[in-house]
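Engineer: Have a look at this one before I ask anything.
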Amino acid sequence: MSTPDSTLQHHPRRGALWMTVSLLAFTANALLLKVLASDRQVDPWMALVFRAGIGLVVTIVLFAPAGSLRLRRSFQSWLLASRGVLGALGTAAYYITIGPLGAGKATLIGNTWCVFAAIMAAFVLHERLGVVKVLGILLALAGLALLTGMTPGSLAVFGKHETTALIGALLAAAVVVVIRQLTRTETSATIFASQCVYALILAVPVAAMHYDGLALADIALLSGAALCATAGQLAMTEGFRFLSVAAGGAFQNTVPLAITLCSILLFAEPFSTLQGVGAVMILWGSFQTVVGGRRGNAAKAAASRG
């Protein structure tokens, strides 16, 4: 994602529109994946193949003519290759767990990537962790414990699917740290395409081993989910061109909330009271981790200019 400049940020309505499109697209993607996994019994690796394949085609069509896509770089840069492999594995973890855990829980656990990314960035990129961010991290981690049942006497609730989702969050966090370094030398189109390329390399052999045919309805749902994921990613990137990090982060933090609410309403996904409290703690803690301190820094900068 490119950093928004002062001129573009004079169009907050345009940014809000793009972020709303992103929110709707990501929510639709998660719900379609839940239908594919639970109702249609479609292999999640096949869903990943469709996402990567359609995402790559859309990226080539939109960005190759303008010269902003350098696909060959995916095999020439170790950082791009790392982003591709880590991103593919992280997405695979999310796709695998969305069926057994439910769209809400899988997304909420996955949303803790921003907490782990802040911790990793502090060590790898030497980014400062302020008091607000630290408190946000602790709050989100406590919420994760409640959501997954990691309470005294019930640690067994944290099973293989929860572990897989958590590993996916850690991988997504590592991807963010890598992307922060890649944005200095690579275009957004090239960075996004690298994930599609390596996701195809990873998912196609696994999906082929489990392939037993797809109905037309399955193909339609898989294509719809892939298009929603691609649209969500592109709309989010565009939205950040017109919004501050705080405003964009606030919009993106509503994605797991929307997915969870829709999952409860449409699929009757169960949440205990403690899990509900944990979900709220994850959302609020993640939000503070993403935007904590930025509003204060912006105010100080404005005061110094005055």
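The values are calculated or read from the model by the stated rules, or taken from the named source; none is laboratory data. Owing to the predicted nature of the structure, the values given are computational and were not obtained by experimental measurement. Here the Cβ is made from the backbone with ideal geometry for all residues, glycine too, and neighbour counts use every protein chain on show.
Engineer: Might you check whether a residue that is touching an Asp or Glu at 6+ places or on another chain (Cβ under 6 Å), part of a helix (DSSP H, G or I) and not small (Gly, Ala, Ser) occurs anywhere in region 39-47?
Structural biologist: No, region 39-47 contains no residue that is touching an Asp or Glu at 6+ places or on another chain (Cβ under 6 Å), part of a helix (DSSP H, G or I) and not small (Gly, Ala, Ser).
Engineer: Quickly run through region 190-240 and pick out the residues that are touching a Lys or Arg at 6+ places or on another chain (Cβ under 6 Å) and charged (D, E, K, R).
Structural biologist: Of everything in region 190-240, just one residue is touching a Lys or Arg at 6+ places or on another chain (Cβ under 6 Å) and charged (D, E, K, R), namely ASP218.
Engineer: Being without any contact (Cβ under 8 Å) to a residue 60 or more places away in the chain and of a type outside the set (Lys, Arg): is that true of VAL61 here?
Structural biologist: It is true that VAL61 is without any contact (Cβ under 8 Å) to a residue 60 or more places away in the chain and of a type outside the set (Lys, Arg).
Engineer: On to the next question. With region 121-232 as the region, which helices (runs of 4 or more DSSP H) entirely inside it contain at least 2 residues that are over 15 Å from the mean Cα position of the chain (by Cα) and farther than 27 Å from VAL85 by Cβ?
Structural biologist: Where helices (runs of 4 or more DSSP H) fall fully within region 121-232 and carry at least 2 residues being over 15 Å from the mean Cα position of the chain (by Cα) and farther than 27 Å from VAL85 by Cβ, they are 131-147.
Engineer: Can you name every residue in region 207-236 that is over 22 Å from VAL175 (Cα atoms) and of a type in the set (Val, Ile, Thr)?
Structural biologist: Residue satisfying the conditions is ILE219 alone.
Engineer: Further question: Just wondering, is there one or more residues in region 87-95 that are farther than 25 Å from ALA208 by Cβ, touching a Lys or Arg at 6+ places or on another chain (Cβ under 8 Å) and crowded, with 18+ Cβ neighbours inside 10 Å?
Structural biologist: Scanning region 87-95 turns up no residue that is farther than 25 Å from ALA208 by Cβ, touching a Lys or Arg at 6+ places or on another chain (Cβ under 8 Å) and crowded, with 18+ Cβ neighbours inside 10 Å.
Engineer: When region 89-120 is examined, which residues are found to be part of a loop (DSSP other than H, G, I, E, B) and small (Gly, Ala, Ser)?
Structural biologist: Hit for region 89-120 is GLY102, nothing else.
Engineer: Sticking with this one: Which residues, taken from region 48-70, are in a helix (DSSP H, G or I) and buried (at least 18 other Cβ atoms within 10 Å of the Cβ)?
Structural biologist: Listed by number, the residues that qualify are LEU48, VAL49, PHE50, ARG51, ALA52, GLY53, ILE54, GLY55, LEU56, VAL58, THR59, PHE63.
Engineer: Cβ-Cβ distance below 8 Å, separation of 6 or more or different chains: which pairs start in region 269-295 with a residue that is basic (Lys, Arg) and surrounded by fewer than 21 Cβ atoms within 10 Å (Cβ to Cβ) and end on one that is assigned to a helix (DSSP H, G or I) and at pLDDT below 85?
Structural biologist: Once the first residue is basic (Lys, Arg) and surrounded by fewer than 21 Cβ atoms within 10 Å (Cβ to Cβ) and sits in region 269-295, its partners that are assigned to a helix (DSSP H, G or I) and at pLDDT below 85 give ARG294/VAL245; ARG294/ALA246; ARG295/ALA246.
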